[in-house]
Every structure is written in structure tokens, then in C-alpha cells.
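Student: I'd like to ask you about the structure that follows.
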Amino acid sequence: MSRRIGARADMLACMTVLAQDLTGDAAMNAIAAPKSSAKNRLEGFVLTAVLQGFPAFAAAALILKLARHDIAGGVVLFVVLTSVLHGLFTPWLAPKFPKFFRHGYEPLFFNANLSFAEKIEKWRMQPVASLQLVTTVLMLSLLGVGVASIH
């Protein structure tokens, strides 16, 4: 019994030392192991679909509404389905046709060494991404006003 208590105390002391070693600057310098390829692909798919596909297809839906065209299946189905297809096919096609997909594909989204938040942060810091975000906001705002003004 005393041997078990002693081993438990040693283990707790070891955990305390490890916890103390990974605080402050040491914790920031720790290198995380790369995530699984399936999780990394899922993150890349989600980021591609949400940050690049969704705004583009929402704008396309607004343009169609502004031109008074009906969308088969509805606007929500159109935007969601096209965003999902964009997220699925772009990572596969973009490396094969880089000139065609230069604005719709971000290799950074598929970097296994970055966390989900780090991928977004590094993408936002790029001048091209910043310009893309501002352009998207202005375009969606103008289209929203145009669609809202239709009687």
C-alpha cells in the first residue's frame, strides 16, 4: 500500500514539474504535432467553403434575385450546395489548374502544422485576403440594398 502511495506522489510531483515547465514563454515555444490528414482536410474544406465559396455564391444569388430570376430549389439550397461543392472540388482541382483557381484556393488552409485559428489568422494577414474581404463586404452590401429596393 505504501509503495502505491509513494508511486502516486512521485507521479504527482512529476506532473507538477511538467506543468511548471510549460508555462509562460516555454508553452508558447512548444511545437504541436501535426494533426491527422483527415482532420486537416476537413478544416481546409470548411475554411474554403465558408470563407471563399459562401460569399461568392451568396453574391451570385443576390445578383440573380436582382435580375428577377428564380433559383430552382431556393436560394438557401443554391448557396449551401454550391459552397459545399466549391469546398470539395477546389482543393482537388486548384493544384492542377493554378491559373484558373488563383483567387478561389488558399493552400494555407491545408497546412497541417497550423491550428484552425492560426490558419484564419495567417490568411487574414495577407494583403490579397484583406482586399478580398473588403470587396466582398462592399459587393454584398450594394447587392443587399439593390435587392431590398425591388418592389
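Student: Please give the length that would be gained between A38 and I71 if that part of the chain were fully extended, namely 0.36 nm times their separation in residues minus their C-alpha to C-alpha distance (nm, one decimal).
Tutor: Details: separation 33, 0.36 × 33 = 11.88 nm, distance 3.38 nm.
Separation in residues times 0.36 nm, less the Cα-Cα distance, equals 8.5 nm.
Student: How about the stretch 78-151: which chymotrypsin sites (Phe, Trp or Tyr not before Pro) there are in a DSSP loop, with at most 16 other Cβ atoms within 10 Å of their Cβ?
Tutor: Numbers: sites: F78, F89, W92, F100, F101, Y105, F109, F110, F116, W123; in loops: F100, F101, Y105.
Within the stretch 78-151, the qualifying chymotrypsin sites (Phe, Trp or Tyr not before Pro) (loop, at most 16 other Cβ atoms within 10 Å) are F100, F101.
Any read-out appearing in this document is the output of simple, stated calculations on the displayed coordinates, not a laboratory observation. Model, not experiment: these values are computed from the prediction. In this analysis, Cβ positions are derived from the backbone assuming ideal geometry, glycine residues included, and neighbour counts consider all displayed protein chains.
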